1. Ranked from highest to lowest mean number of other Cβ atoms within 10 Å per residue, what is the order of the peptides 137-143, 66-72?
2. Under 1.5 on a/c is rounded, so check that first for the range 91-183, then, if it is not, pick prolate when a/b is larger than b/c and oblate when it is not; a ≥ b ≥ c are the square roots of the alpha carbon gyration tensor eigenvalues.
3. Of the listed values (1) 21; (2) 51; (3) 16, grab the one calculated as percent of Cα pairs over 28 Å apart from the structure here.
4. If I model a spin label at residue 62 and residue 162 as a point 7 Å from the Cα along the Cα→Cβ vector, what separation in nanometres do I get?
5. Would you mind calculating the relative contact order of the chain from Cα pairs under 8 angstrom and at least 6 residues apart, reporting the percent as a whole number?
6. Nearest 500 deg cm²/dmol is fine: what mean residue ellipticity at 222 nm does the chain get from its DSSP H runs of n ≥ 4 alone, each adding -39,500 (n - 2.57), divided by its residue count?
């Protein structure tokens with residue numbers, strides 16, 4: 001079997017297994033809808049490809065996903081290079097997201113931490129602080145959930161150990177959540 005066929009098969013296998021997580025996806029969508037309905041915002045964080053996913057999903061909420069509607073408050077904590085580099089330089093890279101949660105997060109907001117391993121120190125630290133401040137916390141991880149999966153209110157742990165498959169499912173699940181969330185907005 002060639003690599004192209006194998007990767008499609010791997011993707012389809014992981015995709016099929018994700019059907020077992022419909023309940024968890026609904027829980028996350030409800031957490032997001034409830035927060036937005038009460039005037040709160042959704043914060044996203046992650047590193048590398050997960051940072052790109054954070055930006056992508058925040059953009060779908062602030063802009064639009066499927067239908068024309070009002071803009072929804074969402075912020076990717078991965079985008080401000082001045083904040084990221086100042087905090088990394090003056091404190092630690094482990095603090096780049098938690099410092100933003102400290103300054104921007106309010107009780108009732110939602111933090112969605114995205115980490116394929118579930119063990120990214122800066123994402124875990126942000127989730128820990130978010131919980132202390134009264135934010136709802138959501139983890140998008142890979143198989144097992146890592147430390148992030150043990151501390152968050154809701155977890156989507158993709159049943160794979162392969163980074164690419166995990167990231168593919170994270171964006172698919174994120175898109176589903178965006179579609180559910182925007183159902184109620186004009």
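Every number in this text was worked out from the coordinates using simple rules, so none of it is lab data. Every value quoted in this text rests on a predicted model; they were computed, and no experiment measured them. Glycine gets a Cβ as well: all are built from the backbone with ideal geometry, and neighbour counts include every protein chain shown.
1. Highest to lowest by the protection proxy: 137-143, 66-72.
2. oblate
3. Read-out taken from this structure: (1).
4. 3.3
5. RCO, the chain: 24 percent.
6. Working: 8 runs with 101 residues, N = 186.
One gets -17000 deg cm²/dmol as the mean residue ellipticity at 222 nm.
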